[in-house]
Structures are given as structure tokens and as C-alpha cells.
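Here the structure is laid out as C-alpha cells; the discussion comes afterwards.
The values are calculated or read from the model by the stated rules, or taken from the named source; none is laboratory data. All of these numbers come straight from a predicted model, not from anything done at the bench. With ideal geometry, Cβ positions are generated from the backbone for all residues, glycine too; neighbour counts draw on all protein chains shown. Ligands, DNA and RNA are excluded from the accessible area calculation, which covers all protein heavy atoms including side chains. Shrake-Rupley method; radii C 1.70, N 1.55, O 1.52, S 1.80 Å.
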Amino acid sequence: MSMSRRLQGWLPLLLMSTLILGLGLYATVRQDAFLTSYNLNNLLLATMPLALVSLGQATALLVGGFDVSVAALMTFCVVVASFTMTPETTGLGLVPGALVLVAIGLGTGIFNAVLIRVLRLPSIIATLGTFSILEGASLLLRDHPEGAISSDAVDGLTKSVSFVPLAFIGVVVLAVLADLWLYRSRSGLALRAVGLDETSARRLGMRTGVAVILAFVVCSVMASIAGFYLAAQVQIGSPIIGNYALESIAAAVLGGASLAGGRGSYVGTLLAALFLGLIDNVLPLFQQPTEYSEITIGVLILLALVLYKSPELVSRLRTSWGGVGRLRTRQGGASAG
């Protein structure tokens, strides 16, 4: 692997880690409330929905696709949870309701995969249609926020050790294992190959169709699981919650995913989701408008895209200058002759 490729792989991790540490240090120095256990616990719990849905979105991006239906899917899962995980439901009685949410994610993923793989619709168009269907279904079930969600479910999802939620530890482990799978296994190689060049991957005997289908199914299932933690936050069946579609794409891109497919990092995506959550956490402490968060995310995406491409651009520039130098040498030799 060339130095340029290695730098491209590590740059998102280094950048996100630096930004998290830098912003965290600044907030620690300027605001005493930032480093309290209460605030850090809130930060990690608030990051959970975005982290989970972003890991799924990164999988879709790896095969060169987008899934903009994830936001509506998460909202729909919250609304359905207000029916299947009511305050009267406790203990093992919550399991069927939880399985319903996972089944919704699985069904949505299969539906999207059929639209994209069988009917050959562009992923952004197909998932936009799914987005509208799910959004309408949410409003049909709950036209305004109502229907409390079981406190037992909320307590179980938010259980923590010190200030660290157990679920967040699980997500960290999942991201690390997913990266090891992505870059150390044949199936992970196949997934990246589909995004880089599907035709060549098919000629090499890789099951490209299966890879694309599984990528979108995983994306939707992860969005439905993210819906659990979103439900734990709002604790009511609200039909209008957040803009997780664009934020999940932003986290995946900031974490190193290529919009063209074939490149990405689950650990980088998790770090980017944590950084975006950190921005939302810090702004209220400094009494700044939340609109600054959207502006910051937009600017960061543009800067990251340029920065992540810089090793490749430098490599191309060196190659071009090398070619120009060789051409001048040949012309000089010909003139001397």
C-alpha cells in the first residue's frame, strides 16, 4: 500500500480525534459544567442514536449508495414503540415490542434493497420514496406527540457504569470489530470492491448483488436499533424528530467514507458522530444558538472532503511534475543532439 493510501486511511481518525480533544479541552477550561459526570453521561447517551445510524449509513456508502430513509425509519420506530412498549409493559414483556422494531428495520432494508437491486432505481431516489412512506405512516399513527414509552425500557437502555453508558461501550466494541472485519476478511474486501468497481468485482466472482442487499439491510436494521435510543431520549411517540439522514451521511463522510463508495471506517464514523454530538453538547453551555451546529457541520464536511483528498492530489501533482521533468530532459537531450 502506498504512503498516500495509508495517509488517506489514517487522516480521518487523526482529524476527528484531534477535534474531539481540542473542543473537549476548550470546553473544560471555559465551562466547569462540561466535565461533570452528569454532562458526560448526557453527551454519550445523546450520541447513541447518531452513532448507530451512522454505522449503518457507512455500510451503505461502502457499496456506493445512500439511504435517506433512515431518519423517517427512526421516527417511525419511536412512534411504534409508543404502542408496543407502553408504560404498562415491563420486564420480558418488552421483548415482543422490541422485536417488532427490529422487524420493521429488517423489512424496510429488504424493501429498499429490492428497489435498488431488482428494480435498479438509484439509491437516493428509492430511499427518498421510502422516507415519504414512513414519514406519512408516522403521522398517520401519531399526528402529534403522545403515548408514553415504558420507563423500564428507558432505564435498561440508559444503564451506565460511572458516566459511561453500557450501550456506548458496546458500540465502541462493535465499531472496532467491524473495521477489523472490513479490512481483514474476504467478505469485507468484497464489500469494498463493490463500491470501488462493481463490474470488476463481479468478474472476480464476488457476489455483488448479495453485498448490496446486505448493506442496505444492515443500514436499516441499525437505524431501527438507533430508534430504541431515540425513543429513550424523547420517551414519547413523537412523529417529528431530528434530521438523522443528513447527519448520518455527514458522520460517515467525516469518518473517512467516500461518497463514490469503496472506502470508509466504522471507528472513524463513530468518532465523527461523537464529535458532532460534542458540538451539540457544548453550544448550549456557551449559550450559543443551535443553528451554529448546522453551519459548523456543513463547513466541516467541505473541509474534510478537500483534506481527505489532499494526499491523492499531492500524489497526482508529483506524478505530473515528474512527467514534465522527464519530458524536458528528453527535449533537452534531443536539442543537444
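Across Leu23, Leu214, the residue with the most accessible area heads the list, and the full order at a 1.4 Å probe is Leu214, Leu23. Label region 113-206 by shape, choosing from rounded, prolate and oblate, from the square roots a ≥ b ≥ c of the eigenvalues of the Cα gyration tensor; if a/c is under 1.5 it is rounded, and otherwise prolate applies when a/b is larger than b/c, oblate when it is not. Verdict is oblate for region 113-206.
Protein chains only, probe 1.4 Å: how do Leu21, Leu45 rank by accessible area, largest first? Could you put the intermediate results ahead of the total?
Details: Leu21 125, Leu45 30 Å².
The most accessible residue leads, giving Leu21, Leu45.
Whole-Hz Karplus values for region 46-52 come out as 5, 6, 3, x, 5, 4, 5 Hz, taken residue by residue from phi with 6.51 cos²θ - 1.76 cosθ + 1.60 and θ = phi - 60°; glycine and proline positions read x. With protein chains left intact and a 1.4 Å probe, residues in the chain average 50 Å² of accessible area per residue. For region 151-229, the list of trypsin sites (Lys or Arg not before Pro) that fall in a loop by DSSP and count at most 11 other C-beta atoms within 10 angstrom reads Lys159. Of the solvent-accessible surface of the chain, computed with a 1.4 Å probe and all protein chains present, 67% belongs to carbon and sulfur.
Reported to the nearest whole Å, the Cα centre-to-centre distance from region 42-66 to region 148-184 is 13.
Largest accessible area first, the listed residues Phe275, Phe163 line up as Phe163, Phe275 when surface is computed with a 1.4 Å probe on the assembled protein chains. For the chain, the mean residue ellipticity at 222 nm estimated from helices alone is -26000 deg cm²/dmol, where every DSSP H run of n ≥ 4 contributes -39500 (n - 2.57) and the total is divided by all residues, rounded to the nearest 500.
By how many degrees, between 0 and 90 and to the nearest 10, does the Cα long axis of helix 166-184 differ from the longest principal axis of the chain? Tilt of helix 166-184: around 30 degrees.
Note on Met222: accessible area approximately 30 square angstrom, rounded to 10, probe 1.4 Å, nucleic acids and ligands left out. Overall form of region 5-86: oblate. Here a/c, set by the Cα gyration tensor axes a ≥ b ≥ c, is 1.5 or more, and a/b is not larger than b/c. Compared with the dominant Cα axis of the chain, that is its longest principal axis, helix 70-84 is turned about 20°. In degrees from 0 to 90, rounded to the nearest 10, what is the angle of the helix 3-30 Cα long axis to the longest principal axis of the chain? Helix 3-30 and the main axis of the chain meet at about 50 degrees. Taking a ≥ b ≥ c as the square roots of the eigenvalues of the Cα gyration tensor, region 1-144 is classed as oblate, since a/c reaches at least 1.5 and a/b does not exceed b/c.
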